[in-house]
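Working notes, structure below.
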Amino acid sequence: MVQTVSAKKTDKHVVFTRGLKVLSPAHKEVKRLKKDAHLPSIHGDKVWNSSFLVMDYLARNKPPKTSTMMDLGCGWGLLGIYASNKLVKRVVAVDADADVFPYLALHQEINGAKNIDTLVRRFEKLKKSDFDGVHTIAGADICFWDALAPVLHKMIKKAIKAGAKRVIIADPGRDPFYELVAMCEKDKALACKVVEKTTTKPKAACADLMIVTPA
(Lines give C-alpha, C1' and ligand atoms only; values in the text may rest on other atoms or scores of the structure.)
Protein backbone atom coordinates (compact mmCIF):
# COMPACT_ATOMS: atom_id res chain seq x y z
CA MET A 1 0.00 0.00 0.00
CA VAL A 2 1.32 3.45 -0.89
CA GLN A 3 1.73 6.13 1.77
CA THR A 4 -1.07 8.57 2.46
CA VAL A 5 -0.97 11.13 -0.33
CA SER A 6 -1.85 14.80 -0.07
CA ALA A 7 -4.35 15.86 -2.75
CA LYS A 8 -5.41 19.38 -1.82
CA LYS A 9 -7.19 21.64 -4.28
CA THR A 10 -4.35 24.13 -3.87
CA ASP A 11 -1.84 21.58 -5.20
CA LYS A 12 -1.02 22.54 -8.77
CA HIS A 13 -0.02 18.94 -9.51
CA VAL A 14 -3.48 17.52 -8.72
CA VAL A 15 -6.41 17.78 -11.14
CA PHE A 16 -9.95 17.44 -9.76
CA THR A 17 -12.40 16.25 -12.40
CA ARG A 18 -15.45 13.97 -12.59
CA GLY A 19 -15.20 13.21 -8.89
CA LEU A 20 -11.60 12.05 -9.28
CA LYS A 21 -8.24 13.24 -8.02
CA VAL A 22 -5.69 12.89 -10.81
CA LEU A 23 -1.97 13.32 -10.15
CA SER A 24 0.20 14.90 -12.82
CA PRO A 25 3.55 13.38 -13.82
CA ALA A 26 5.16 16.20 -11.80
CA HIS A 27 3.50 15.21 -8.51
CA LYS A 28 6.03 14.17 -5.86
CA GLU A 29 4.48 10.71 -5.40
CA VAL A 30 4.59 10.03 -9.13
CA LYS A 31 8.21 11.14 -9.18
CA ARG A 32 8.88 8.79 -6.26
CA LEU A 33 7.50 5.85 -8.21
CA LYS A 34 9.65 6.72 -11.19
CA LYS A 35 12.70 6.97 -8.93
CA ASP A 36 11.89 3.51 -7.58
CA ALA A 37 12.31 2.19 -11.16
CA HIS A 38 8.61 1.89 -11.99
CA LEU A 39 9.03 3.24 -15.50
CA PRO A 40 6.19 2.19 -17.84
CA SER A 41 7.48 1.26 -21.26
CA ILE A 42 4.33 1.09 -23.41
CA HIS A 43 3.05 4.69 -23.25
CA GLY A 44 1.75 4.25 -19.69
CA ASP A 45 3.45 7.42 -18.51
CA LYS A 46 0.40 9.66 -17.95
CA VAL A 47 -3.39 9.81 -18.05
CA TRP A 48 -4.64 10.08 -21.63
CA ASN A 49 -7.41 12.61 -22.35
CA SER A 50 -9.63 10.13 -24.18
CA SER A 51 -10.20 8.43 -20.82
CA PHE A 52 -12.32 11.38 -19.68
CA LEU A 53 -14.46 11.18 -22.81
CA VAL A 54 -15.15 7.49 -22.14
CA MET A 55 -16.15 8.43 -18.59
CA ASP A 56 -18.61 10.99 -19.95
CA TYR A 57 -20.11 8.43 -22.31
CA LEU A 58 -20.45 5.84 -19.56
CA ALA A 59 -22.07 8.39 -17.25
CA ARG A 60 -24.90 8.65 -19.79
CA ASN A 61 -24.85 5.01 -20.92
CA LYS A 62 -24.33 3.15 -17.68
CA PRO A 63 -23.54 -0.55 -17.41
CA PRO A 64 -25.57 -2.50 -14.83
CA LYS A 65 -24.54 -1.60 -11.28
CA THR A 66 -23.92 -5.23 -10.38
CA SER A 67 -21.74 -5.90 -13.43
CA THR A 68 -18.00 -6.14 -14.08
CA MET A 69 -16.16 -3.73 -16.39
CA MET A 70 -12.76 -4.33 -17.97
CA ASP A 71 -10.42 -1.33 -18.27
CA LEU A 72 -8.40 -2.37 -21.31
CA GLY A 73 -4.87 -1.01 -21.59
CA CYS A 74 -5.57 0.65 -18.27
CA GLY A 75 -2.34 2.59 -17.75
CA TRP A 76 -2.72 4.60 -14.55
CA GLY A 77 -6.22 3.19 -14.14
CA LEU A 78 -8.37 6.32 -13.87
CA LEU A 79 -11.09 4.96 -16.15
CA GLY A 80 -11.41 1.82 -14.06
CA ILE A 81 -11.28 3.82 -10.82
CA TYR A 82 -14.10 6.06 -12.07
CA ALA A 83 -16.15 3.00 -12.97
CA SER A 84 -15.47 1.33 -9.63
CA ASN A 85 -16.53 4.42 -7.67
CA LYS A 86 -19.59 5.38 -9.71
CA LEU A 87 -20.80 2.63 -12.03
CA VAL A 88 -20.08 -1.04 -11.43
CA LYS A 89 -19.49 -3.63 -8.73
CA ARG A 90 -16.10 -4.82 -9.98
CA VAL A 91 -13.35 -3.71 -12.38
CA VAL A 92 -10.63 -5.74 -14.05
CA ALA A 93 -7.73 -3.47 -15.05
CA VAL A 94 -5.67 -5.00 -17.85
CA ASP A 95 -2.30 -3.84 -19.17
CA ALA A 96 0.65 -5.48 -20.89
CA ASP A 97 3.05 -3.46 -18.74
CA ALA A 98 3.16 -4.42 -15.05
CA ASP A 99 4.97 -1.18 -14.24
CA VAL A 100 1.75 0.82 -14.65
CA PHE A 101 0.10 -0.85 -11.68
CA PRO A 102 1.93 1.09 -8.93
CA TYR A 103 0.51 4.27 -10.51
CA LEU A 104 -2.93 2.67 -10.54
CA ALA A 105 -2.54 1.70 -6.87
CA LEU A 106 -1.53 5.26 -6.03
CA HIS A 107 -4.64 6.71 -7.70
CA GLN A 108 -6.80 3.94 -6.29
CA GLU A 109 -5.76 4.91 -2.76
CA ILE A 110 -6.29 8.65 -3.08
CA ASN A 111 -9.68 8.06 -4.71
CA GLY A 112 -10.83 5.40 -2.26
CA ALA A 113 -11.63 2.91 -5.01
CA LYS A 114 -12.31 -0.73 -4.18
CA ASN A 115 -12.93 -3.97 -6.04
CA ILE A 116 -10.31 -3.46 -8.75
CA ASP A 117 -8.39 -6.54 -9.88
CA THR A 118 -5.29 -6.21 -12.07
CA LEU A 119 -4.21 -8.48 -14.88
CA VAL A 120 -0.91 -8.34 -16.80
CA ARG A 121 -1.84 -9.45 -20.29
CA ARG A 122 -1.24 -8.41 -23.89
CA PHE A 123 -4.39 -7.99 -25.96
CA GLU A 124 -3.64 -11.04 -28.10
CA LYS A 125 -3.03 -13.14 -24.99
CA LEU A 126 -6.42 -12.48 -23.39
CA LYS A 127 -8.28 -15.75 -23.06
CA LYS A 128 -12.00 -16.39 -23.32
CA SER A 129 -12.06 -17.07 -19.59
CA ASP A 130 -10.64 -13.59 -18.90
CA PHE A 131 -13.95 -12.17 -20.11
CA ASP A 132 -16.12 -14.31 -17.82
CA GLY A 133 -18.77 -12.08 -16.26
CA VAL A 134 -17.53 -8.94 -18.01
CA HIS A 135 -20.37 -6.75 -19.30
CA THR A 136 -18.51 -3.71 -20.65
CA ILE A 137 -14.95 -3.42 -21.95
CA ALA A 138 -13.54 0.09 -22.30
CA GLY A 139 -10.19 1.40 -23.47
CA ALA A 140 -8.79 4.83 -24.30
CA ASP A 141 -5.88 5.57 -26.64
CA ILE A 142 -5.01 1.90 -27.04
CA CYS A 143 -4.91 1.56 -30.84
CA PHE A 144 -1.76 3.53 -31.61
CA TRP A 145 0.23 1.01 -33.70
CA ASP A 146 -0.80 -0.39 -37.10
CA ALA A 147 -0.34 -3.93 -35.82
CA LEU A 148 -2.88 -3.36 -33.05
CA ALA A 149 -5.92 -3.01 -35.32
CA PRO A 150 -6.20 -6.71 -36.28
CA VAL A 151 -5.19 -7.76 -32.77
CA LEU A 152 -7.96 -5.69 -31.20
CA HIS A 153 -10.50 -6.83 -33.79
CA LYS A 154 -9.76 -10.47 -32.93
CA MET A 155 -9.91 -9.69 -29.21
CA ILE A 156 -13.27 -7.91 -29.56
CA LYS A 157 -14.73 -10.92 -31.41
CA LYS A 158 -13.44 -13.22 -28.65
CA ALA A 159 -14.90 -10.98 -25.92
CA ILE A 160 -18.32 -10.74 -27.57
CA LYS A 161 -18.37 -14.49 -28.14
CA ALA A 162 -17.52 -14.95 -24.44
CA GLY A 163 -20.56 -12.92 -23.45
CA ALA A 164 -19.42 -9.29 -23.24
CA LYS A 165 -22.27 -6.95 -24.13
CA ARG A 166 -20.33 -3.86 -25.17
CA VAL A 167 -16.82 -2.76 -26.14
CA ILE A 168 -15.92 0.94 -26.15
CA ILE A 169 -12.63 2.19 -27.57
CA ALA A 170 -11.77 5.89 -27.78
CA ASP A 171 -9.10 7.53 -29.90
CA PRO A 172 -8.23 11.11 -30.90
CA GLY A 173 -7.96 10.18 -34.59
CA ARG A 174 -5.11 7.81 -35.37
CA ASP A 175 -5.14 5.79 -38.59
CA PRO A 176 -4.90 2.39 -36.84
CA PHE A 177 -8.06 3.19 -34.88
CA TYR A 178 -10.04 3.86 -38.07
CA GLU A 179 -8.64 0.67 -39.55
CA LEU A 180 -10.06 -1.12 -36.53
CA VAL A 181 -13.41 0.62 -37.01
CA ALA A 182 -13.51 -0.56 -40.64
CA MET A 183 -12.79 -4.14 -39.58
CA CYS A 184 -15.57 -4.12 -37.00
CA GLU A 185 -18.05 -2.50 -39.39
CA LYS A 186 -17.42 -5.25 -41.95
CA ASP A 187 -17.73 -8.03 -39.39
CA LYS A 188 -21.23 -9.55 -39.58
CA ALA A 189 -20.97 -10.81 -36.00
CA LEU A 190 -20.58 -7.27 -34.69
CA ALA A 191 -22.69 -4.12 -34.58
CA CYS A 192 -20.44 -1.07 -34.69
CA LYS A 193 -21.03 2.66 -34.45
CA VAL A 194 -18.79 5.68 -33.93
CA VAL A 195 -19.71 8.75 -31.91
CA GLU A 196 -17.71 11.94 -31.49
CA LYS A 197 -17.19 13.31 -27.99
CA THR A 198 -15.64 16.57 -26.85
CA THR A 199 -14.81 18.11 -23.52
CA THR A 200 -13.23 21.22 -22.08
CA LYS A 201 -12.30 19.62 -18.74
CA PRO A 202 -9.72 19.13 -17.44
CA LYS A 203 -8.62 20.59 -20.78
CA ALA A 204 -9.99 20.72 -24.30
CA ALA A 205 -10.09 17.29 -25.95
CA CYS A 206 -11.90 15.53 -28.78
CA ALA A 207 -12.08 11.85 -29.66
CA ASP A 208 -14.14 9.33 -31.58
CA LEU A 209 -15.62 6.47 -29.58
CA MET A 210 -16.20 3.14 -31.31
CA ILE A 211 -19.00 1.24 -29.62
CA VAL A 212 -19.28 -2.44 -30.53
CA THR A 213 -22.10 -4.76 -29.47
CA PRO A 214 -23.21 -8.21 -30.62
CA ALA A 215 -24.94 -8.09 -34.01
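The values are calculated or read from the model by the stated rules, or taken from the named source; none is laboratory data. This one's a predicted model, so the numbers in the text were calculated from it and none came from an experiment. Counting neighbours? That spans all protein chains shown, and the Cβs are built from the backbone with ideal geometry, glycine included.
Rundown of residues vs (1) of a type in the set (Lys, Arg); (2) touching a Ser or Thr at 6+ places or on another chain (Cβ under 6 Å); (3) at positive phi, yes/no style:
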position: 80; (1), (2), (3): no, no, no
position: 90; (1), (2), (3): yes, yes, no
position: 103; (1), (2), (3): no, no, no
position: 107; (1), (2), (3): no, no, no
position: 120; (1), (2), (3): no, no, no
position: 125; (1), (2), (3): yes, no, no
position: 139; (1), (2), (3): no, no, no
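Taking the condition of being closer than 21 Å to residue 34 by Cα and touching a helix residue (DSSP H, G or I) at 6+ places or on another chain (Cβ under 8 Å), how many residues in the range 95-118 meet it? Walk me through how you get there before you give the answer.
The first filter runs over the range 95-118 and keeps only residues closer than 21 Å to residue 34 by Cα, leaving 95-111, 118.
From the residues that got through so far, the ones that are touching a helix residue (DSSP H, G or I) at 6+ places or on another chain (Cβ under 8 Å) too are 95-96, 102-104, 106-108, 111, 118.
Total meeting the criteria: 10.
Does residue 187 satisfy being of a type in the set (D, E, K, R), farther than 16 Å from residue 54 by Cβ and modelled with pLDDT under 95?
no
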Residue 198 over 22 Å from residue 128 (Cα atoms) and not aromatic (Phe, Trp, Tyr): yes
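If I filter the range 177-194 for residues that are touching a Pro at 6+ places or on another chain (Cβ under 9 Å) and assigned to a strand (DSSP E or B), do I get at least one hit? Please lay out each step first, then the result.
Taking the range 177-194 and keeping what is touching a Pro at 6+ places or on another chain (Cβ under 9 Å), we get 179-180, 183, 189-191.
Okay, now just the ones that are also assigned to a strand (DSSP E or B), so 190-191.
For the range 177-194, residues touching a Pro at 6+ places or on another chain (Cβ under 9 Å) and assigned to a strand (DSSP E or B): present.
Given the condition of a type in the set (S, T, N, Q) and in contact with a strand residue (DSSP E or B) (Cβ under 8 Å, 6 or more places away or on another chain), answer yes or no: does some residue in the range 122-130 qualify? Working first, answer last.
First pass over the range 122-130, keeping only residues of a type in the set (S, T, N, Q): 129.
Going one step further and asking which of them are in contact with a strand residue (DSSP E or B) (Cβ under 8 Å, 6 or more places away or on another chain), we end up with none.
Scanning the range 122-130 turns up no residue that is of a type in the set (S, T, N, Q) and in contact with a strand residue (DSSP E or B) (Cβ under 8 Å, 6 or more places away or on another chain).
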Residue selected from the range 180-190 under the condition surrounded by 15 or more Cβ atoms within 10 Å (Cβ to Cβ) and over 20 Å from the mean Cα position of the chain (by Cα), by the criterion nearest to residue 91 (Cα to Cα): 190
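Could you list all residues from the range 114-129 that are assigned to a helix (DSSP H, G or I) and within 16 Å of the chain's Cα centre (by Cα)?
Once the filter is applied, which keeps residues that are assigned to a helix (DSSP H, G or I) and within 16 Å of the chain's Cα centre (by Cα), the range 114-129 yields only 123.
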Tally of residues being surrounded by fewer than 17 Cβ atoms within 10 Å (Cβ to Cβ) and in a loop (DSSP other than H, G, I, E, B) across the range 160-173: 4
Count of the range 134-157 residues which are surrounded by 16 or more Cβ atoms within 10 Å (Cβ to Cβ) and charged (D, E, K, R): 2
Considering residues of the range 198-215 that are in a strand (DSSP E or B), surrounded by fewer than 17 Cβ atoms within 10 Å (Cβ to Cβ) and of a type outside the set (Ser, Thr, Tyr) only, the residue farthest from the chain's Cα centre (by Cα): 214
Breaking point among (1) surrounded by fewer than 16 Cβ atoms within 10 Å (Cβ to Cβ); (2) of a type outside the set (Phe, Trp, Tyr); (3) closer than 23 Å to residue 72 by Cβ; (4) at pLDDT 90 or above, for residue 22: (1)
